[in-house]
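The values are calculated or read from the model by the stated rules, or taken from the named source; none is laboratory data. Everything quoted here is computed from the prediction, not taken from an experiment. All Cβ positions, glycine included, derive from the backbone under ideal geometry; neighbour counts span all protein chains shown.
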């Protein structure tokens, strides 16, 4: 017997980008609309943005093979509108424009209870550990929903989760009047450049071997850009800083050579924010790179929940941060295969898919 209109609709109308098997690729499938619990909401997804993590899953590389267990709807960056709320939901209502923190935390472990829930021991991640947002609908706990101002454009709202990584990495310590080197000009690196400039950095240097991305870095406010295939980055940055080095290095690439170069150009007493994830073991000279430099090295995992989100909201709503130059492609949800190929090519910034 049919129990509800929503149940009928689930059989026919929800489309999702589905990873069914342990192999490269994905397919557009019709699947059931999720059923929500008492403390959950159902969201009609309006736009999703694509992330390097999604590409790992799509290509089914070594990391994905270790981490992901199909079948799975992947994707974790989105914006949409609430269409149904659970009986115990108190802070949200139908019609709210929302995004979400992709890390669903337990609220009970040591980290959660001491203000570091972004490092939760029992975290569940949207699109990795449970079905994600590459679908017409997604159900999520009230606790991870971020109500978004209608002043923020839909396409920007869709990648607040990713922008939050860069906000955390950049603003985790003093940045005003500092010299900053950003290694890696993918979307996170490009966000970082804009955030550093908006927050009052004295000078921002951008490093990447991709000319297309360096052009975007300029648009985001980088004062100088460097292609490591053409110049000795360490030599050039030390020359510009009279051999002192930069105050802050923000590593967004995960490339072992970039990490090493970053430490080589870091000023004594400087700060090194590490977000890029190396795919191989990376060696450092701890004595020279960290100890004798008196360096502060900060690992950046996710975003501070929800402290980072409030900072991000302020940057966007005030107009201090113009993030639109990073959005290079707007495509339809059904064009996801072409979008993944574009992401793989590196000739793009942020790709947003509209449903």
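Here is how the numbers come out for the structure above:
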{"read-out": "Conditions (1) under 22 Å from residue 52 (Cβ atoms); (2) assigned to a helix (DSSP H, G or I); (3) over 18 Å from the mean Cα position of the chain (by Cα); number of the one not met by residue 155", "value": "(3)"}
{"read-out": "Complete set of residues in the range 207-225 that are in contact with a helix residue (DSSP H, G or I) (Cβ under 6 Å, 6 or more places away or on another chain) and either modelled with pLDDT under 95 or within 13 Å of residue 327 (Cα to Cα) (or both)", "value": "216, 217, 219, 220"}
{"read-out": "Which listed residue, of 118, 103, is touching a strand residue (DSSP E or B) at 6+ places or on another chain (Cβ under 9 Å) and farther than 19 Å from residue 69 by Cβ", "value": "118"}
{"read-out": "The range 38-66: number of residues that are free of Cβ contacts under 8 Å to residues at least 60 places away in the same chain, part of a loop (DSSP other than H, G, I, E, B) and closer than 21 Å to residue 345 by Cα", "value": "2"}
{"read-out": "Residue list for the range 329-352, restricted to those being farther than 19 Å from residue 46 by Cα, in contact with a strand residue (DSSP E or B) (Cβ under 7 Å, 6 or more places away or on another chain), part of a helix (DSSP H, G or I) and touching a residue at least 24 places away in the same chain (Cβ under 8 Å)", "value": "343"}
{"read-out": "Tally of residues being free of Cβ contacts under 8 Å to residues at least 24 places away in the same chain and under 18 Å from residue 304 (Cα atoms) across the range 92-115", "value": "9"}
{"read-out": "Selected residue [under 18 Å from residue 172 (Cβ atoms) and in a loop (DSSP other than H, G, I, E, B)] from 250, 290, 277", "value": "277"}
{"read-out": "Hits in the range 328-355 (condition: farther than 16 Å from residue 54 by Cα, more than 18 Å from the chain's Cα centre (by Cα) and buried (at least 17 other Cβ atoms within 10 Å of the Cβ))", "value": "355"}
{"read-out": "Residue in the range 196-212 that is under 30 Å from residue 71 (Cβ atoms) and more than 16 Å from the chain's Cα centre (by Cα) present", "value": "no"}
{"read-out": "Residue tally, condition buried (at least 18 other Cβ atoms within 10 Å of the Cβ) and under 20 Å from residue 327 (Cα atoms), over the range 47-72", "value": "7"}
{"read-out": "Residue in the range 166-173 that is more than 30 Å from residue 79 (Cβ to Cβ) and at pLDDT 95 or above present", "value": "no"}
{"read-out": "Residue count for the range 309-328, restricted to those that are in contact (Cβ under 8 Å) with a residue 60 or more places away in the chain and not in a helix (DSSP H, G or I)", "value": "6"}
{"read-out": "Test: residue in the range 67-83 that is farther than 15 Å from residue 132 by Cβ, over 22 Å from the mean Cα position of the chain (by Cα) and part of a helix (DSSP H, G or I)", "value": "no"}
{"read-out": "The range 1-30 residues that are at pLDDT below 50, paired with ones that are assigned to a helix (DSSP H, G or I) (beta carbon under 6 Å, 6 or more apart)", "value": "2/8"}
{"read-out": "Subset of the range 189-206 [part of a helix (DSSP H, G or I), surrounded by fewer than 24 Cβ atoms within 10 Å (Cβ to Cβ) and either in contact with a helix residue (DSSP H, G or I) (Cβ under 7 Å, 6 or more places away or on another chain) or on the phi > 0 side of the Ramachandran plot (or both)]", "value": "198"}
{"read-out": "Odd one out for residue 172 among (1) within 22 Å of residue 345 (Cβ to Cβ); (2) over 15 Å from the mean Cα position of the chain (by Cα)", "value": "(1)"}
{"read-out": "Some residue of the range 168-177 being outside any loop (DSSP other than H, G, I, E, B), touching a strand residue (DSSP E or B) at 6+ places or on another chain (Cβ under 7 Å) and under 24 Å from residue 316 (Cβ atoms)", "value": "yes"}
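So that you can scan it fast, the table gives a plain yes or no per residue for (1) within 30 Å of residue 153 (Cβ to Cβ); (2) under 24 Å from the mean Cα position of the chain (by Cα):
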{"residue": "229", "(1), (2)": "no, no"}
{"residue": "251", "(1), (2)": "yes, yes"}
{"residue": "257", "(1), (2)": "no, yes"}
{"residue": "280", "(1), (2)": "no, yes"}
{"residue": "288", "(1), (2)": "no, no"}
{"residue": "298", "(1), (2)": "no, yes"}
{"residue": "308", "(1), (2)": "yes, yes"}
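Every residue, every condition in (1) under 25 Å from residue 92 (Cα atoms); (2) surrounded by 24 or more Cβ atoms within 10 Å (Cβ to Cβ); (3) not assigned by TED's automatic domain parsing to the domain that holds residue 233, yes or no:
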position: 145; (1), (2), (3): yes, no, yes
position: 152; (1), (2), (3): yes, no, yes
position: 173; (1), (2), (3): no, no, no
position: 185; (1), (2), (3): no, yes, no
